[in-house]
Amino acid sequence: MTHTRFAFIKAHWHSDIVDRALEGFQELIPAEQIDVFDVPGAFEMPLLAKELAKTGKYSAIACAAFVVDGGIYRHDFVAQAVVDGLMQAGMETNVPVLSVSLTPHHYQETDHHNAIYRAHFVDKGREAANAALMITKTRQEALGA
């Protein structure tokens, strides 16, 4: 069965930056074909992605988060756990789960850095939409999925 719906999960942490990824995604996939879900942070994305994938409603699921070093925990461990969880969700459900999760090595909450990352998230959202469309087409051609 061909699906024409996509899910987009976005972490609320740094939403002023992360929400730009949805803008980029919607440049290629019409908003009426996207169900948008907000979660508190990156760590909550894999479980929701897996649950949404199990519904069978979506061709692909994109997940966006901005994981920065807050000084309290090692952000690289969080980012790795999130990306691993997203991959596992896709592998267990046979629904592509795409990551727009960025972990900059150097981020300062300045106007300059925020502008750079806002623009970068638009680009990454567009790239995720391209990937979602391409993998959907490839799967339809190869598997009739």
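The values are calculated or read from the model by the stated rules, or taken from the named source; none is laboratory data. Bear in mind that the values here come from a model prediction, so they are computed numbers and not experimental data. As a convention, Cβ positions derive from the backbone with ideal geometry for all residues, glycine included, and neighbour counts pool all protein chains shown. Areas reflect the complete protein model, heavy atoms only, side chains present, ligands, DNA and RNA absent. Shrake-Rupley method; radii C 1.70, N 1.55, O 1.52, S 1.80 Å.
Tabulated values for the structure
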{"item": "Count - residues of the stretch 23-51 that are part of a helix (DSSP H, G or I) and either touching a Pro at 6+ places or on another chain (Cβ under 8 Å) or over 19 Å from A81 (Cα atoms) (or both)", "result": "9"}
{"item": "Residue, surrounded by the fewest Cβ atoms within 10 Å (Cβ to Cβ), within the stretch 122-145, restricted to residues that are basic (K, R) and under 16 Å from I9 (Cα atoms)", "result": "R126"}
{"item": "Number of the exception - R118 against (1) at pLDDT below 95; (2) over 15 Å from R20 (Cα atoms); (3) open to solvent by less than 90 Å² (accessible area, probe 1.4 Å)", "result": "(2)"}
{"item": "The stretch 35-82, residues that are modelled with pLDDT of 95 or more, hydroxyl-bearing (S, T, Y) and open to solvent by 70 Å² or more (accessible area, probe 1.4 Å)", "result": "T55"}
{"item": "Inter-residue pairs, beta-carbon under 9 Å, first over 13 Å from R5 (Cα atoms) and of a type in the set (D, E) and in the stretch 20-41, second in a helix (DSSP H, G or I) and open to solvent by 50 Å² or more (accessible area, probe 1.4 Å), 6+ apart", "result": "E23/R126; E27/R126"}
{"item": "Qualifying residue in the stretch 13-22 (condition: assigned to a helix (DSSP H, G or I), on the phi < 0 side of the Ramachandran plot, modelled with pLDDT under 95 and surrounded by fewer than 17 Cβ atoms within 10 Å (Cβ to Cβ))", "result": "yes"}
{"item": "Which listed residue, of E32, E27, is of a type outside the set (A, V, I, L, M, F, W, C) and either under 24 Å from A119 (Cβ atoms) or in contact with a helix residue (DSSP H, G or I) (Cβ under 9 Å, 6 or more places away or on another chain) (or both)", "result": "E27"}
